[in-house]
Amino acid sequence: MTDDERYAQGIDIMKQLFGEVPKASEVHEDLMEVATRNLFGDIWTRPHMEIRERSMVTCALLAALGRDQQLKGHMKGALNVGISRETMKELMLHVAHYAGFSSGVQGLSMAKEVFDELDGV
């Protein structure tokens, strides 16, 4: 597969998750290109895991690592690919028991912010 094909696959995955390709600042352009091709074009398209499963794993890992800004974006993406709000809350409960209560509580706080934004609260 060519770099262009991998990049196109990455664009497709990002559109499924985020509805569009996130805009990169001039500082982030090179990193975004690499992430589009390598992360989304190669890793997210591998067999044996569906996009929904990869999305849930990503949300759990970002919550465990305390990467709140990226977590919020991926939570929105998870909802876009069919993960319910109840499943997202359950996922954060799971995170709390494996990565620490602080991670789970913060993940739930990020979920509430995402839900509130989507509900116009």
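The values are calculated or read from the model by the stated rules, or taken from the named source; none is laboratory data. Every value quoted in this text rests on a predicted model; they were computed, and no experiment measured them. Heads up, the Cβs are rebuilt from the backbone with ideal geometry, glycines too, and the neighbour counts pull from every protein chain shown.
Look at (1) on the phi > 0 side of the Ramachandran plot; (2) more than 15 Å from the chain's Cα centre (by Cα) and you find that G66 fails only one, number (2).
Looking across region 1-37, just one residue is of a type in the set (D, E) and either crowded, with 17+ Cβ neighbours inside 10 Å or not in a helix (DSSP H, G or I) (or both), and that is E20. Restricting to region 86-116, and then to whatever is touching a helix residue (DSSP H, G or I) at 6+ places or on another chain (Cβ under 8 Å) and of a type in the set (F, W, Y), can you tell me which residue is surrounded by the most Cβ atoms within 10 Å (Cβ to Cβ)? Only one residue fits best here, namely F115.
Across region 40-69, the number of residues qualifying as modelled with pLDDT of 95 or more and in a helix (DSSP H, G or I) comes to 20. For region 35-54, the condition of being free of Cβ contacts under 8 Å to residues at least 60 places away in the same chain, in the same structural domain as F115 (by TED's automatic domain parsing), under 21 Å from D116 (Cβ atoms) and within 13 Å of the chain's Cα centre (by Cα) holds for none of the residues.
Against the criterion of being touching a Lys or Arg at 6+ places or on another chain (Cβ under 9 Å), charged (D, E, K, R), outside the structural domain of K15 (by TED's automatic domain parsing) and farther than 30 Å from M1 by Cβ, E86 does not qualify. For region 13-55, filtering for residues that are under 23 Å from L91 (Cα atoms) and of a type in the set (A, V, I, L, M) leaves 7.
The requirement of being over 18 Å from L39 (Cβ atoms), outside the structural domain of I13 (by TED's automatic domain parsing) and among the hydrophobic types (A, V, I, L, M, F, W, C) is fulfilled nowhere in region 65-75; no residue meets it.
In region 1-21, the residues that are of a type in the set (V, I, T) form Cβ pairs under 6 Å with partners that are at pLDDT 95 or above and not in a helix (DSSP H, G or I), at six or more places apart or across chains, as follows: I13/W44.
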